[in-house]
Amino acid sequence: MTTATNQPKSNSGAGSELSTERLLHMYKQMVSIRLFEEQVNDLYTRALMPGLAHLYIGEEAVAVGICEALNRDDYITSTHRGHGHCLAKGAAPDRMFAELLGKEAGYCRGKGGSMHIADPKSGNLGANAIVGGSVGIAAGAAFSAKHLGTKQVAVCFFGEGALGQGLLYEVMNLARLWDLPVIYVCENNMYNEYTHFSETTAGEILARPAAFGIPAESVDGQDVRAIYATAKRIVDQVRSGKGPAFLLCNTYRYKGHHVGDVNREYYRAKTEEQRWMAERDPIKIFTDWITGQKLADQAKLDEIQSRAKVEIDAAAEFAIKADYPGLDEVEEDIYA
Ligand SMILES: Cc1ncc(C[n+]2csc(CCOP(=O)(O)OP(=O)(O)O)c2C)c(N)n1
């Protein structure tokens, strides 16, 4: 069982090839995702957001480490817990907040909400409320990239809960047979809703892609540098035509399954959450490395954090004040 204390240790050299500017950009991305999600929680608590949302707090290193290794026109498909993927791939926070609040300025003109945000301009083919629902979409995107010869790759993010979906195995089979440029990124945050993954997942996760001949490895999902370095190597290899790959990122969600899941002690101990936050926080791990390497001091990081907060607060304020779509367009952009 993966716990806070038995994570693989980080690769201390990883990230050294990146410029300080790029590393600080990654830091800002991670901080912005966390601040965005804290705002979402606040909007929900203040009854300004209709419906629910699944927060990505604690998992920020995965989205940032992976998306930093991609080009803007590479594809991603996302999940019900997709805000971090969306932001890391380049979506604008104001339009995301607007979508969450059902406003016309949102990515789906306010008609999709948290679990349906898509941003084709940044290569994001969309979140998906269906567990495992995006695996076929990623395979389709990779199929088109291969046959059009565009050299794009498709990253398919999913939680370990999707390992119980048969469609995943159908597409991994085809992806291998057809050597599709697709990368399966399994974010194991240890819980499928309210159940520990060990109660739902038989055998070794990495044995599953291996059964199809898909190269598979795992990485510490709290270490953005290790994720970036691993993703960069895998992306280069997949882009060069070697076919699909699978990356397991071991991580943890700090909050409930969704914003309303506040009393969680019946399925996981508070001490477990506290241990992850104290010992394995991805922003703290990155902060310690940046300051330890003397790439920036704490004052500089605090300044970046303050800037990110001003931007995220302004984006939320924009969405709160934005207009709802008019009644006359209630049937527009609706396909099903
Ligand atoms: C096909 C399907 N079955 C069940 C659900 C209900 N459901 C929503 S999220 C979730 C758990 C998903 O766990 P995981 O894939 O590990 O993602 P996480 O929530 O941990 O990020 C379930 C069962 C669903 N949305 N789709």
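Just so it is clear, none of the values below were taken in a lab; they were calculated from the coordinates. Bear in mind the structure is a predicted one, so any value in this text is a computation, not a measurement. In this analysis, Cβ positions are derived from the backbone assuming ideal geometry, glycine residues included, and neighbour counts consider all displayed protein chains.
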For the chain, give the share of DSSP beta bridges that are antiparallel, in percent and rounded to the nearest 5; count only bridges with both residues there.
10 percent
Between Y324 and R72, Cβ-based FRET efficiency (R0 41 Å, step 0.05) works out to 0.85
Please report F212, F158 as a ranked list, fewest other C-beta atoms within 10 angstrom at the top and most at the bottom.
F212, F158
Simple spin-label estimate for E279/A210, 7 Å along Cα→Cβ, in nm, reads 2.6 nm
Is the C-alpha gyration tensor of segment 260-310 telling us rounded, prolate or oblate? Criteria: a/c under 1.5 is rounded; beyond that, a/b larger than b/c is prolate, otherwise oblate.
oblate
Shape call for the chain from the C-alpha gyration tensor, a ≥ b ≥ c root eigenvalues: rounded (a/c under 1.5), prolate (a/b greater than b/c) or oblate?
rounded
Taking the chain as a Gaussian network, where each spring joins two C-alpha atoms under 10 Å apart, which residue of R109, R22, R81 fluctuates the most?
R22
Any chance you could list P(r) for segment 122-259, counting all Cα-Cα pairs in 10 angstrom bins from zero, rounded to whole %?
12, 44, 36, 8, 0
Going by average Cβ density within 10 Å per residue, which order do the peptides 178-184, 317-323 take, highest to lowest?
178-184, 317-323
Which of K146/K242; K28/K103; K28/K111; K89/K232 have a Cα-Cα distance over 18 Å?
K28/K103; K28/K111
As an exercise, use a Förster radius of 22 Å and the Cβ-Cβ distance of Y266 and T200 to find the FRET efficiency, rounded to the nearest 0.05.
0.80
So the compactness index of segment 35-75, its C-alpha Rg divided by 2.2 N^0.38 Å, takes the value 1.51
Could you sort the peptides 135-141, 148-154 by per-residue average Cβ neighbour count (10 Å cutoff), highest mean leading?
135-141, 148-154
Residues in segment 155-189, backbone N under 20 Å from the label point at H147 (7 Å along the Cα-to-beta-carbon vector): list them, ranges by number please.
155-156, 170-183
Answer rounded, prolate or oblate for segment 177-336, using the Cα gyration tensor with square roots of eigenvalues a ≥ b ≥ c: rounded when a/c is under 1.5, else prolate when a/b is larger than b/c, else oblate.
rounded
Here the equivalent ellipsoid of segment 58-204, derived from its Cα gyration tensor, has semi-axes (largest first, whole Å) of 23, 21, 13
Restricting to segment 171-260, what percent of DSSP beta bridges are antiparallel, rounded to 5?
15 percent
